[in-house]
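Engineer: Before we start, here is the structure in question, set down as structure tokens.
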Amino acid sequence: MSDAIVDAVATELLARETERRDGGRLTEQHAGLDLDTAYVVQRELIARKLAAGERVVGVKLGLTSRAKQQRMGIDSPLTAVITDAMAVDVGTPLETSELIHPRVEPEIVFVMGQRLAGPGVTAASAMAAVHSVHAGLEVIDSRYADFSFALPDVVADNASSARFVVSPDGFDPAGLDLALEAAVLRVDGEVVDTATGAAVQGHPAQALALAANALAERGEAIEAGMLVLTGGLTDAVFVTPGGEVSVEFTTLGSVTLPIAPEATP
């Protein structure tokens with residue numbers, strides 16, 4: 001692992017985010033950018049955000065679809081870090097002018113009641129550590145052109161993290177069947193996709209367990225009080241200024257994300 005690669009990739013990704021521009025795959029510029037190095041880049045990127053005043057509030061999981069994992073050659077979800085600067089309050093419009101090419105996807109969100117640390121975490125023990133379950137929407141925004149990247153690219157880019165909104169209404173996980181929890185995704189009131197919690201690794205708790213075990217291999221854990229975005233239930237949809245994206249769950253309720261209109265010149 002090269003410190004120079006870590007510094008160069010983290011610097012470029014932060015510059016793209018700040019300047020709201022995309023670019024080519026960094027794996028094509030840096031042959032040493034493998035998966036392990038990418039997680040070091042991700043850690044460095046977050047450290048720089050914290051130094052600028054942001055605060056870690058949780059973890060997000062990516063590539064929670066088994067089919068996508070097989071295509072990418074991995075057997076557990078990617079992990080990334082979410083900060084308070086990414087949070088959007090319910091009802092507050094998403095400012096697309098702050099982003100590059102945002103997309104939105106529906107999520108089942110956990111609030112952790114206990115610290116969850118691997119190895120050996122199971123779906124049952126992961127679920128026992130969850131305090132409440134919420135409806136959510138995640139806004140992803142790749143710093144790569146056309147969302148085209150290799151696995152280390154997206155890991156280094158903090159799994160395309162950008163913004164998220166979470167319903168304040170939480171539910172006791174003991175009373176839920178999250179594999180069967182259905183979600184209806186709408187854009188401007190029109191249904192564009194549906195899914196159930198089974199789309200996330202068969203069950204969101206299974207995704208949470210795999211993520212906790214993967215984090216343990218890097219000396220990390222999911223702390224009590226953290227949010228966990230468990231992964232997109234559907235494909236992400238592009239947003240249109242002045243529109244809105246919403247998700248309605250069977251039990252978890254609904255969340256609507258208005259999209260701010262384009263600024264007048």
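Engineer: Could you go through the stretch 204-216 and let me know if any residue there is under 27 Å from residue 258 (Cα atoms) and either free of Cβ contacts under 8 Å to residues at least 40 places away in the same chain or in a helix (DSSP H, G or I) (or both).
Structural biologist: Yes; the residues of the stretch 204-216 include at least one that is under 27 Å from residue 258 (Cα atoms) and either free of Cβ contacts under 8 Å to residues at least 40 places away in the same chain or in a helix (DSSP H, G or I) (or both).
Engineer: Take the residues in the stretch 226-261 that are on the phi > 0 side of the Ramachandran plot and touching a residue at least 24 places away in the same chain (Cβ under 8 Å); name whichever of them is surrounded by the fewest Cβ atoms within 10 Å (Cβ to Cβ).
Structural biologist: Here the residue is 253.
Engineer: Another question, then. If you go through the stretch 91-101, how many residues are surrounded by 14 or more Cβ atoms within 10 Å (Cβ to Cβ) and in contact with a Pro (Cβ under 8 Å, 6 or more places away or on another chain)?
Structural biologist: 3
Engineer: How many residues are touching a Phe, Trp or Tyr at 6+ places or on another chain (Cβ under 7 Å) and assigned to a strand (DSSP E or B) if we restrict to the stretch 82-124?
Structural biologist: Total satisfying the criteria: 3.
Quick grid of which residues meet (1) more than 20 Å from residue 45 (Cα to Cα); (2) of a type outside the set (Asp, Glu):
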{"residue": "59", "(1), (2)": "no, yes"}
{"residue": "70", "(1), (2)": "yes, yes"}
{"residue": "81", "(1), (2)": "no, yes"}
{"residue": "86", "(1), (2)": "no, yes"}
{"residue": "90", "(1), (2)": "yes, yes"}
{"residue": "98", "(1), (2)": "no, no"}
{"residue": "116", "(1), (2)": "yes, yes"}
{"residue": "124", "(1), (2)": "yes, yes"}
{"residue": "128", "(1), (2)": "yes, yes"}
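Engineer: Residue pairs, Cβ under 9 Å, 6 or more apart or interchain, first in the stretch 38-51 and touching a residue at least 12 places away in the same chain (Cβ under 8 Å) and among the hydroxyl-bearing types (Ser, Thr, Tyr), second in a helix (DSSP H, G or I) and surrounded by 19 or more Cβ atoms within 10 Å (Cβ to Cβ). List them.
Structural biologist: Pairs found: 39/152; 39/155; 39/156.
Engineer: Of these, 194, 251, which one is in a loop (DSSP other than H, G, I, E, B), β-branched (Val, Ile, Thr) and over 17 Å from the mean Cα position of the chain (by Cα)?
Structural biologist: Testing whether each residue is in a loop (DSSP other than H, G, I, E, B), β-branched (Val, Ile, Thr) and over 17 Å from the mean Cα position of the chain (by Cα) leaves just 251.
Readers should treat all values here as calculations from the given coordinates under stated rules, not as data from a laboratory. Fair warning: this is a prediction, and the values are worked out from it, not measured in the lab. Glycine also receives a Cβ, built like all others from the backbone with ideal geometry; neighbour counts cover every protein chain displayed.
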